Every structure is written in C-alpha cells, then in structure tokens.
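The values are calculated or read from the model by the stated rules, or taken from the named source; none is laboratory data. Source: prediction; values computed, not measured. Please note: Cβ atoms are built from the backbone with ideal geometry, for glycine as well, and neighbour counts cover all protein chains shown. Side chains are part of the model used for accessible areas, which takes the heavy atoms of the whole protein and leaves out ligands, DNA and RNA. Shrake-Rupley method; radii C 1.70, N 1.55, O 1.52, S 1.80 Å.
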Amino acid sequence: MPLQFASQLSLLGWDDWFQERFALFAREGYAPARVTADFGAEYLLHDGEESLRAAAGRHLRNDGGQLPAVGDWVALRHREPVGTIHGWVERKTAFSRKVAWVETKEQVLAANVDIAFVVASAQDVNARRIERYLTMAWQGGALPVVVLTKSDIAASPDDLRSELEAAAIGTAVVVTSAITGEGVEALAELLQPARTGVLLGPSGAGKSTLINRMAGAEVMKTRTVHRSGEGRHMTSHRELIQLPGGGMIIDTPGLREAQLWKGDEALENLFEDVEEVARECRFNDCEHRSEPGCAINAAIDRGELDTARLESYRKLQRELRAVAARSDARMRSEERRKWKQIAVDNKVRSRLIGNK
C-alpha cells in the first residue's frame with residue numbers, strides 16, 4: 001500500500017493491526033475502506049480519499065449471518081455507481097445487543113470503537129439505566145466514559161455527577177453542555193488524533209446535539225425534547241462523523257430496548273464493588289439470599305452496599321445468562337439443520353451418480 005494512501009487511511013483509524021489482517025483481501029485485489037453509514041440496502045464508505053456508495057455482496061446477503069456495521073473496515077471492489085463489499089476485516093471491538101423482541105440473535109451496533117460514551121441527560125438521570133449501558137460498553141471492549149449532557153438546565157450538576165459516579169464506580173464522568181460548551185473540548189480531546197467513539201444512550205439524551213457541537217456544524221438532525229424528558233428517535237441510522245480536530249464519533253439511534261448480548265464477564269468491571277464483597281462469602285456458590293456467612297447481606301445490613309445496586313447486578317446477570325443459554329440452543333439447532341441439509345444433498349448426489 002502506498003505510504004501516502006496509508007497515511008490518509010490512518011486518519012480514519014487504520015493501523016498496522018488492520019493492515020496485517022487485510023493482507024489476504026489485498027492479494028485478491030480488494031481495496032480497504034471504512035463503513036461510515038448504514039442505510040440498510042446500501043452503505044456509505046470512505047477509502048481515505050472520498051466517500052463511496054456500496055452494497056454488500058450477494059454471498060454476504062444470502063449467508064444469513066452478520067452484515068458489515070458502521071466502523072467496520074471492509075474489502076471493496078470499486079464499481080460505478082455502487083461498489084461491492086466482499087467481506088470485512090476482523091474487528092478489534094464490537095458493540096452488540098440482542099435484537100429486539102424474542103429472537104436470540106446478535107445485532108452489531110458499531111465496530112472498531114476505542115471509547116464508548118454512555119450518555120445521560122440532566123433531565124433524566126437513571127442509575128439503573130446507566131448500569132445497563134455500561135454493561136454494553138464493557139462487553140464491547142472499549143474504554144467506557146459516562147457523559148452527562150444538558151448540564152445548563154440542571155439545578156445541581158455536581159449532585160448529578162455524584163449520582164453517576166456512584167453507579168459507574170471507577171469510570172470517568174464528564175459533565176457537558178452543548179449550549180455553553182462545557183466539557184465538549186474534553187470529549188473531543190479523548191478522540192484525538194484518530195480514535196473512534198460511540199454514543200450510547202436513550203432517545204432525547206442529547207447525543208445528536210452533542211455531536212453537532214463537537215463537529216462545529218449541524219451534521220445530525222435534532223428535535224426538541226418534551227418537558228417530561230421523554231425522547232423521540234431523531235437519528236434513524238448509525239453514522240460515523242469525522243471531527244475537525246481529528247478523531248471520529250458514531251451516533252446511534254436511541255435504543256428503546258437496550259437488550260444485552262453475551263459476556264457476563266463485563267459485570268466484573270462494572271460491579272467490582274459487589275464482586276469484591278461476594279468473594280468474602282463463606283460459600284463459593286452463595287446466592288446472597290439467606291445463606292449463613294453471606295458477606296453481601298452483611299454489607300447491606302451495615303449500609304455499605306446499596307440494595308438497588310445489588311438487584312440491578314442480579315437482574316443483569318440473569319439476563320446475560322439467559323441470552324447465553326438461548327444463543328447456545330439456537331446455534332445447536334442451526335448446526336443440526338446444516339448437517340441435515342448436508343445429508344439430504346449427499347443422498348441426492350448418490351442417486352444422480354447411481355443413475356449414470
């Protein structure tokens with residue numbers, strides 16, 4: 001790859017790690033490009049020089065598996081007017097959730113993210129919701145940062161910061177206002193020179209407004225939130241925005257259902273205080289109900305551990321284990337269908353050979 005071209009791609013987050021894993025695609029004549037927007041039928045890509053339209057190759061669409069996500073590095077075959085995506089490079093990180101409703105299937109929200117900004121509006125700070133989004137952030141593999149937006153309308157931003165710090169033990173909390181500019185530069189500096197961030201949070205939290213302030217232009221549409229604090233979806237698709245000072249930020253539609261995907265080890269990071277106390281229990285399989293020698297119950301009685309936080313930990317743990325169990329059952333079912341089809345195909349071939 002020419003040095004100048006590699007330098008242009010590096011502004012989009014390309015590095016030796018991706019280049020090494022792209023080698024096979026390069027030998028087959030494909031060009032690297034990063035997915036900057038997902039419109040469903042088509043994607044918007046950037047190859048370091050210009051933005052390009054592309055669609056997933058037929059083999060990807062017919063495979064029934066995952067399609068590229070915003071932030072992915074893909075193998076592109078240039079064609080006019082729409083290029084073709086042949087495949088994508090192994091992901092460093094991936095932010096996933098279980099698809100809405102009852103289906104046990106992974107939905108990748110964003111890929112190759114360095115920092116996950118968990119957003120909460122001063123109009124609606126909910127510690128349990130923050131814990132859920134932080135679990136998603138830890139699962140994704142990036143550095144989580146909690147962002148309080150709309151601090152200009154808060155009676156006491158410091159009180160809200162303390163509440164968020166209590167829910168996000170050990171995670172940095174940045175107080176921001178897109179109106180006054182408070183904290184915006186601090187967020188932008190975290191992404192320089194070429195890191196990628198993603199905003200995770202509910203509708204109405206001010207994600208798009210914050211991006212506009214960071215970008216210095218109205219790159220995302222916004223809508224006034226009802227005085228109740230209830231948000232509506234304004235962002236209809238995921239999009240990666242390049243920031244003028246360097247770095248990129250991905251906006252995601254407000255998640256009505258922030259359903260978790262597999263990886264309950266994320267709870268060890270988020271609920272380190274609970275895990276540390278639990279290690280002092282007399283029994284390794286203590287369920288922290290009424291067992292003798294339960295350190296968790298003792299900590300609650302002493303006022304050292306919040307009951308609501310413990311219940312949140314239990315709820316998230318149950319949810320993750322249930323998803324893992326259903327996912328394993330789904331994979332076993334798909335594997336059985338695959339081998340059943342192979343057996344049918346083999347019988348057909350045997351008959352054809354026998355008739356010759």
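Structure above, values below:
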{"quantity": "Val35, sole failed condition from (1) surrounded by 13 or more Cβ atoms within 10 Å (Cβ to Cβ); (2) modelled with pLDDT under 95; (3) aliphatic (A, V, I, L, M)", "calculated": "(2)"}
{"quantity": "Pairs where the first residue, in region 302-326, is modelled with pLDDT of 85 or more and the second is open to solvent by less than 20 Å² (accessible area, probe 1.4 Å) and among the small types (Gly, Ala, Ser), C-beta under 6 Å, 6+ apart", "calculated": "Leu305/Ala299"}
{"quantity": "Any hit, region 49-67, residues being modelled with pLDDT of 90 or more and of a type in the set (Asp, Glu)", "calculated": "yes"}
{"quantity": "Region 58-87, residues that are closer than 23 Å to Thr196 by Cβ and among the charged types (D, E, K, R)", "calculated": "Asp72"}
{"quantity": "Inter-residue pairs, beta-carbon under 9 Å, first under 12 Å from Val145 (Cβ atoms) and touching a residue at least 40 places away in the same chain (Cβ under 8 Å) and in region 165-188, second part of a loop (DSSP other than H, G, I, E, B) and open to solvent by less than 10 Å² (accessible area, probe 1.4 Å), 6+ apart", "calculated": "Leu187/Thr176"}
{"quantity": "Residue count for region 144-164, restricted to those that are touching a residue at least 24 places away in the same chain (Cβ under 8 Å), more than 21 Å from the chain's Cα centre (by Cα) and farther than 12 Å from Ile130 by Cα", "calculated": "7"}
{"quantity": "Hits in region 172-202 (condition: surrounded by fewer than 20 Cβ atoms within 10 Å (Cβ to Cβ) and of a type in the set (Ser, Thr, Tyr))", "calculated": "Thr180"}
{"quantity": "Residue match in region 111-122 (condition: open to solvent by 20 Å² or more (accessible area, probe 1.4 Å), out of contact with any helix residue (DSSP H, G or I) (no Cβ under 9 Å at 6 or more places or on another chain) and not aromatic (Phe, Trp, Tyr))", "calculated": "no"}
{"quantity": "Residue count, region 278-287 (criterion: over 24 Å from Met136 (Cβ atoms) and open to solvent by less than 100 Å² (accessible area, probe 1.4 Å))", "calculated": "3"}
{"quantity": "Residues (open to solvent by less than 80 Å² (accessible area, probe 1.4 Å), modelled with pLDDT of 85 or more and in a loop (DSSP other than H, G, I, E, B)) located in region 203-231", "calculated": "Gly204, Ala205, Gly206, Gly216, Ala217"}
{"quantity": "Only listed residue being at pLDDT 55 or above and open to solvent by less than 20 Å² (accessible area, probe 1.4 Å), chosen from Ala298, Ala266, Ala258", "calculated": "Ala266"}
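Residue by residue, here is whether (1) touching a strand residue (DSSP E or B) at 6+ places or on another chain (Cβ under 7 Å); (2) polar (S, T, N, Q) holds:
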| site | (1), (2) |
| --- | --- |
| Ala23 | no, no |
| Glu28 | no, no |
| Leu45 | yes, no |
| Leu52 | yes, no |
| Ala55 | yes, no |
| His59 | no, no |
| Asn62 | no, yes |
| Gln66 | yes, yes |
